[in-house]
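Engineer: Before I ask anything, let me first share the structure, which is written out below as C-alpha coordinates.
The values are calculated or read from the model by the stated rules, or taken from the named source; none is laboratory data. The shown structure was predicted, so the numbers you read here are calculated from the model rather than taken from an experiment. Here the Cβ is made from the backbone with ideal geometry for all residues, glycine too, and neighbour counts use every protein chain on show.
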Amino acid sequence: MSIIRFVVDNLKLILILFLVTLSSGKAYSESKGCWADFFEESEYKGKRLSIKGAANLENLNQVSGEDWNRRIHSIKVGPKAKVTVFQCPRFELPLTEMAKKPDFMRAWGITEQDIKEDSELIFPGEEAIHDLGDFNFHKKVRSLKVECLD
(Lines give C-alpha, C1' and ligand atoms only; values in the text may rest on other atoms or scores of the structure.)
Protein backbone atom coordinates (compact mmCIF):
# COMPACT_ATOMS: atom_id res chain seq x y z
CA MET A 1 0.00 0.00 0.00
CA SER A 2 2.85 2.38 0.78
CA ILE A 3 4.32 1.78 -2.70
CA ILE A 4 1.04 2.79 -4.33
CA ARG A 5 0.86 5.89 -2.17
CA PHE A 6 4.47 6.73 -3.07
CA VAL A 7 3.75 6.36 -6.81
CA VAL A 8 0.56 8.43 -6.62
CA ASP A 9 2.32 11.22 -4.70
CA ASN A 10 5.18 11.28 -7.21
CA LEU A 11 2.76 11.34 -10.14
CA LYS A 12 1.00 14.31 -8.57
CA LEU A 13 4.33 16.08 -8.15
CA ILE A 14 5.33 15.37 -11.75
CA LEU A 15 1.97 16.62 -13.02
CA ILE A 16 2.24 19.81 -10.96
CA LEU A 17 5.78 20.44 -12.19
CA PHE A 18 4.68 19.85 -15.78
CA LEU A 19 1.77 22.29 -15.47
CA VAL A 20 3.95 24.93 -13.81
CA THR A 21 6.58 24.58 -16.53
CA LEU A 22 3.95 24.77 -19.25
CA SER A 23 2.25 27.84 -17.79
CA SER A 24 5.53 29.60 -17.01
CA GLY A 25 6.65 29.12 -20.63
CA LYS A 26 3.39 30.64 -21.78
CA ALA A 27 3.69 33.45 -19.24
CA TYR A 28 7.29 33.99 -20.32
CA SER A 29 6.32 34.43 -23.97
CA GLU A 30 3.47 36.75 -22.96
CA SER A 31 5.65 38.82 -20.63
CA LYS A 32 8.33 38.81 -23.28
CA GLY A 33 5.72 40.29 -25.61
CA CYS A 34 5.76 37.54 -28.22
CA TRP A 35 2.11 36.95 -29.01
CA ALA A 36 -0.55 37.68 -31.62
CA ASP A 37 -4.33 37.72 -31.54
CA PHE A 38 -6.35 37.04 -34.68
CA PHE A 39 -10.03 37.98 -34.86
CA GLU A 40 -12.87 36.66 -36.98
CA GLU A 41 -14.37 40.11 -37.56
CA SER A 42 -13.03 43.59 -38.11
CA GLU A 43 -12.42 45.91 -35.16
CA TYR A 44 -11.14 42.96 -33.06
CA LYS A 45 -14.59 41.40 -32.68
CA GLY A 46 -15.92 37.88 -33.03
CA LYS A 47 -14.03 34.72 -32.20
CA ARG A 48 -10.37 35.11 -31.31
CA LEU A 49 -7.37 32.91 -31.99
CA SER A 50 -4.48 33.66 -29.61
CA ILE A 51 -0.96 32.51 -30.35
CA LYS A 52 1.67 32.77 -27.63
CA GLY A 53 5.26 32.43 -28.75
CA ALA A 54 6.59 31.55 -32.19
CA ALA A 55 4.39 29.56 -34.57
CA ASN A 56 4.41 28.44 -38.19
CA LEU A 57 0.91 27.47 -39.30
CA GLU A 58 1.13 26.04 -42.83
CA ASN A 59 -2.62 25.91 -43.09
CA LEU A 60 -5.44 27.14 -40.91
CA ASN A 61 -7.86 24.26 -41.40
CA GLN A 62 -7.45 22.88 -37.85
CA VAL A 63 -6.15 25.45 -35.37
CA SER A 64 -7.27 25.00 -31.77
CA GLY A 65 -10.03 22.72 -33.02
CA GLU A 66 -11.47 25.21 -35.52
CA ASP A 67 -11.16 26.07 -39.18
CA TRP A 68 -9.58 29.55 -39.39
CA ASN A 69 -8.97 29.32 -43.13
CA ARG A 70 -9.98 32.65 -44.73
CA ARG A 71 -11.65 33.86 -41.50
CA ILE A 72 -9.13 36.34 -40.08
CA HIS A 73 -10.27 39.95 -40.41
CA SER A 74 -8.27 41.83 -37.77
CA ILE A 75 -4.99 41.31 -35.91
CA LYS A 76 -3.20 42.56 -32.80
CA VAL A 77 0.55 41.93 -32.61
CA GLY A 78 2.52 41.90 -29.33
CA PRO A 79 5.50 44.26 -28.91
CA LYS A 80 8.10 41.52 -29.41
CA ALA A 81 6.45 39.67 -32.28
CA LYS A 82 6.35 39.87 -36.06
CA VAL A 83 3.40 38.41 -37.95
CA THR A 84 3.40 37.38 -41.60
CA VAL A 85 0.12 36.33 -43.18
CA PHE A 86 -0.01 34.54 -46.52
CA GLN A 87 -2.70 34.28 -49.15
CA CYS A 88 -1.71 30.68 -49.97
CA PRO A 89 -1.31 27.61 -47.75
CA ARG A 90 2.21 26.44 -46.80
CA PHE A 91 3.56 30.02 -46.98
CA GLU A 92 3.66 29.74 -50.76
CA LEU A 93 3.60 32.70 -53.07
CA PRO A 94 1.70 32.38 -56.36
CA LEU A 95 4.86 33.57 -58.10
CA THR A 96 5.66 30.04 -59.23
CA GLU A 97 2.58 29.91 -61.48
CA MET A 98 3.07 33.43 -62.78
CA ALA A 99 6.77 32.85 -63.43
CA LYS A 100 5.78 30.15 -65.92
CA LYS A 101 4.19 32.89 -68.04
CA PRO A 102 6.79 35.70 -68.33
CA ASP A 103 5.18 37.07 -71.52
CA PHE A 104 1.88 37.41 -69.71
CA MET A 105 3.58 39.17 -66.79
CA ARG A 106 5.35 41.64 -69.11
CA ALA A 107 2.18 42.30 -71.10
CA TRP A 108 0.32 43.25 -67.95
CA GLY A 109 3.26 45.12 -66.46
CA ILE A 110 3.41 42.74 -63.50
CA THR A 111 6.70 42.29 -61.66
CA GLU A 112 7.78 39.64 -59.16
CA GLN A 113 7.64 42.31 -56.45
CA ASP A 114 3.99 43.06 -57.34
CA ILE A 115 3.09 39.40 -56.87
CA LYS A 116 4.93 39.16 -53.55
CA GLU A 117 3.29 42.32 -52.21
CA ASP A 118 -0.17 41.03 -53.09
CA SER A 119 0.45 37.58 -51.56
CA GLU A 120 1.77 38.29 -48.08
CA LEU A 121 1.58 40.98 -45.43
CA ILE A 122 4.14 41.56 -42.67
CA PHE A 123 3.24 43.32 -39.45
CA PRO A 124 5.91 44.32 -36.90
CA GLY A 125 5.40 44.43 -33.14
CA GLU A 126 2.70 46.53 -31.52
CA GLU A 127 0.60 46.67 -34.67
CA ALA A 128 -3.16 46.70 -34.48
CA ILE A 129 -4.82 46.03 -37.82
CA HIS A 130 -8.51 46.76 -37.44
CA ASP A 131 -9.49 45.42 -40.89
CA LEU A 132 -7.42 43.39 -43.36
CA GLY A 133 -9.75 44.70 -46.07
CA ASP A 134 -7.72 47.92 -45.91
CA PHE A 135 -4.85 45.88 -47.40
CA ASN A 136 -7.09 44.04 -49.90
CA PHE A 137 -6.64 40.91 -47.77
CA HIS A 138 -10.28 40.41 -46.77
CA LYS A 139 -10.94 36.65 -46.34
CA LYS A 140 -7.56 35.74 -47.84
CA VAL A 141 -5.34 34.52 -44.96
CA ARG A 142 -4.60 30.80 -45.46
CA SER A 143 -1.29 30.42 -43.58
CA LEU A 144 0.68 32.52 -41.11
CA LYS A 145 3.87 32.87 -39.11
CA VAL A 146 4.49 34.47 -35.73
CA GLU A 147 8.16 35.20 -35.03
CA CYS A 148 9.58 36.30 -31.69
CA LEU A 149 11.90 39.31 -31.84
CA ASP A 150 14.74 39.98 -29.44
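Engineer: Looking at (1) closer than 23 Å to PHE137 by Cα; (2) of a type outside the set (A, V, I, L, M); (3) at pLDDT 95 or above, which one does GLN62 not meet, given that it meets all the others?
Structural biologist: (3)
Engineer: Still on this model: Would you be able to tell me the number of residues in the range 65-89 that are over 18 Å from PHE137 (Cα atoms) and either in contact (Cβ under 8 Å) with a residue 60 or more places away in the chain or outside any loop (DSSP other than H, G, I, E, B) (or both)?
Structural biologist: Count: 3.
For (1) at pLDDT below 95; (2) more than 24 Å from LEU144 (Cβ to Cβ); (3) not in a loop (DSSP other than H, G, I, E, B), each residue gets a yes or a no:
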| site | (1), (2), (3) |
| --- | --- |
| ASP9 | yes, yes, yes |
| LYS12 | yes, yes, yes |
| LEU19 | yes, yes, yes |
| GLY25 | yes, no, yes |
| PHE39 | no, no, yes |
| LYS47 | no, no, yes |
| THR96 | yes, no, yes |
| ASP103 | yes, yes, yes |
| LYS116 | yes, no, yes |
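Engineer: Can I ask one more? Here are GLU92, GLU58, GLU41: which of them is acidic (Asp, Glu), surrounded by fewer than 20 Cβ atoms within 10 Å (Cβ to Cβ) and in contact (Cβ under 8 Å) with a residue 60 or more places away in the chain?
Structural biologist: GLU58
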